[in-house]
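Have a look at the structure below, then the notes.
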Amino acid sequence: MSKKYTETLNLKLELVNVPDDIYINQDSILPISATVSTFGFNYLIQLLKPQNISLDFQTIFSVDGNYAYSASSNIKYLITQKLGSNTMIETVKPDSITIPFSKLISKVVPIKLNRQFSFIPGYNLYDSIVMKPDSVKIIGSSIAVDNVDFIETSVISLKEIKSNINVKADLKLNEGSNVKLSKVHINVTAEVEKYTENIVSIPIDIMGLPKGVKINYFPKTVDVLYEVALKDAARIIPEMFEVVCDFNQVTNKNLTTLKPILYKSPDVVRNPRIKLNEVEFIIIE
């Protein structure tokens with residue numbers, strides 16, 4: 001007859017079939033200690049190998065508030081199923097399992113694009129970069145979700161760009177973040193165009209003149225430099241720009257210059273700027 005062996009095993013617990021709206025911190029699931037007896041040395045060797053016990057959350061546990069409970073009878077039954085009928089369960093510690101959990105919540109946060117773009121000289125973005133989607137739903141415990149204000153993408157590095165951009169970007173979570181994402185990547189697109197630099201002469205308007213005050217000023221026009229996509233260059237006309245000098249700037253009677261301001265420019269131009277810094281004036285009596 002085989003010799004009877006008794007051994008204490010540490011059994012790691014694994015939860016399965018956990019509802020999607022429940023979050024359980026894995027650190028709260030402690031192993032259980034089971035003292036078991038069996039006959040036959042070879043069978044004992046099998047028992048001493050690392051053992052995991054799967055616990056079906058929805059059938060093994062009873063829920064009360066934010067805690068899940070399982071009685072010792074359930075645990076002993078599962079251990080017997082796992083180790084086999086040749087094993088006798090002497091003791092199980094703890095004799096019941098209590099696992100705290102929290103209900104999951106969700107919210108939508110914006111996506112922040114990490115990019116390193118460099119263009120061939122003369123080329124640039126024509127319009128804003130488009131991210132689809134530009135936001136993502138995060139799911140987790142209340143504490144975890146509240147700590148997240150945005151989700152970043154992995155770095156997109158593109159060099160010597162001269163054509164339209166169409167790439168995928170992975171979404172990344174900060175280390176230790178206990179949230180899940182509804183999506184794992186996004187599409188990033190952008191239109192790229194070749195640009196040219198142009199110049200246009202614009203008349204200067206004077207605003208803010210007090211009633212009865214007349215001035216003479218020089219120059220009467222100013223050059224405005226701007227960059228524009230080649231496809232839009234032909235439709236840019238001087239009437240799309242407006243340069244003004246505000247006489248309300250004159251707080252000192254000895255002041256004889258005004259600062260020209262680019263008051264209006266078309267949306268399709270980039271980096272519009274005035275070549276002149278000062279406009280001279282005299283008050284006409």
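The values are calculated or read from the model by the stated rules, or taken from the named source; none is laboratory data. Keep in mind the model is a prediction, meaning the values are calculated, not measured. Here the Cβ is made from the backbone with ideal geometry for all residues, glycine too, and neighbour counts use every protein chain on show. Surface areas here come from the heavy atoms of the whole protein model, side chains and all, with no ligands, DNA or RNA. Shrake-Rupley method; radii C 1.70, N 1.55, O 1.52, S 1.80 Å.
The label point for F117 and the one for D56, both projected 7 Å from the Cα toward the Cβ, are 5.3 nm apart. Here the Karplus curve 6.51 cos²θ - 1.76 cosθ + 1.60, taken at θ = phi - 60°, turns the phi angles of region 240-250 into couplings of 7, 10, 8, 10, 10, 10, 9, 5, 5, 5, 7 Hz, with x standing for Gly and Pro.
What's the center-to-center distance, using Cα atoms, between region 147-207 and region 77-135 in Å? Going from one Cα centre to the other spans 26 Å. Expressed as a whole percentage, what fraction of the accessible surface of the chain belongs to carbon and sulfur atoms when a 1.4 Å probe is rolled over the protein heavy atoms? C and S atoms contribute 49 percent here. Under 12 Å from a point placed 7 Å out from the Cα of H185 along the Cα-to-Cβ direction: which residues of region 135-179 have their backbone N that close? Counting only backbone N, you get 154, 167-171.
Computed from backbone phi, the HN-Hα couplings of region 136-149 come to 8, 7, 10, 10, x, 5, 4, 5, 5, 5, 5, 7, 10, 9 Hz, rounded to whole numbers (Karplus: 6.51 cos²θ - 1.76 cosθ + 1.60, θ = phi - 60°; Gly and Pro given as x). Using amide H atoms built 1.01 Å from N in the peptide plane, name the residues 5+ places from L209, or on other chains, whose amide H lies under 5 Å from its own. Here F247 satisfy the definition.
Ordering I105, T91, S154 by Cα displacement along the dipole of region 74-204 toward the positive end leaves T91 in first place; charges were set at the Cβ atoms of Lys, Arg (+1) and Asp, Glu (-1).
Answer rounded, prolate or oblate for region 138-212, using the Cα gyration tensor with square roots of eigenvalues a ≥ b ≥ c: rounded when a/c is under 1.5, else prolate when a/b is larger than b/c, else oblate. List each step's numbers first, then the result.
Working: a/c = 5.15, a/b = 1.80, b/c = 2.87.
Oblate is the answer for region 138-212, as a/c is 1.5 or above yet b/c matches or exceeds a/b.
Principal axis extents of the C-alpha atoms in region 212-266 (largest first, rounded to whole Å): 48, 17, 16. Length gained on full extension, M207 to T98: 31.5 nm, using 0.36 nm per residue less the C-alpha separation. Would the chain count as rounded, prolate or oblate if I go by the C-alpha gyration tensor, calling it rounded below 1.5 in a/c and otherwise prolate when a/b exceeds b/c, oblate otherwise? Because a/c hits 1.5 or more and a/b exceeds b/c, the chain counts as prolate.
For Cα pairs less than 8 Å apart in space and 6+ apart in sequence, what is the mean separation divided by the residue count of the chain, i.e. the relative contact order in percent? Show your work: numbers first, answer last.
Working: 565 pairs, mean separation 37.4, N = 285.
Computed value for the chain: 13 percent relative contact order.
Close amide-amide hydrogen proximity is noted between Y126 and E191, V192, E193, each under 5 Å apart and 5 or more residues distant or on a separate chain (H modeled in the peptide plane; Pro and chain starts excluded). Rounded to the nearest 20 debye, the dipole magnitude of region 170-281 is 260 debye, with +1 charges on Lys and Arg beta carbons, -1 on Asp and Glu beta carbons, and the Cα centre as origin. Evaluating 6.51 cos²θ - 1.76 cosθ + 1.60 at θ = phi - 60° for every residue in region 169-176, the Karplus couplings come out as 10, 6, 8, 10, 9, 5, 4, x Hz, glycine and proline recorded as x.
With the charge dipole of the chain set up from +1 on Lys and Arg Cβ and -1 on Asp and Glu Cβ about the Cα centre, the Cα lying farthest toward the positive end among the listed residues T256, A233, I129 is that of I129. Summarising the label geometry, the points placed 7 Å from Cα in the beta-carbon direction at M88 and E242 lie 9.8 nm from one another.
Near the amide H of A68, within less than 5 Å, lie the amide hydrogens of I99, F101, all on another chain or at least 5 residues away, with H placed in the peptide plane.
Give me the dipole magnitude in Debye, nearest 20, for the chain about the Cα centre, with unit charges on the beta carbon: positive for Lys and Arg, negative for Asp and Glu. Walk me through the numbers before you get to the answer.
Working: 31 positive and 31 negative charges, 121 e Å.
Rounded to the nearest 20 debye, it is 580 debye.
Can you check what the net charge comes to around Q26, using other residues whose Cβ is under 13 Å from the Cβ of Q26 (Lys, Arg +1; Asp, Glu -1)? Value of the local net charge: -1. Taking the Cα centre of region 87-203 as reference, the dipole from Cβ charges on Lys and Arg (+1) and Asp and Glu (-1) amounts to some 200 debye.
Label point of L30 set 7 angstrom out along Cα-Cβ; within region 79-101, amide nitrogens under 16 Å from it belong to 92-101.
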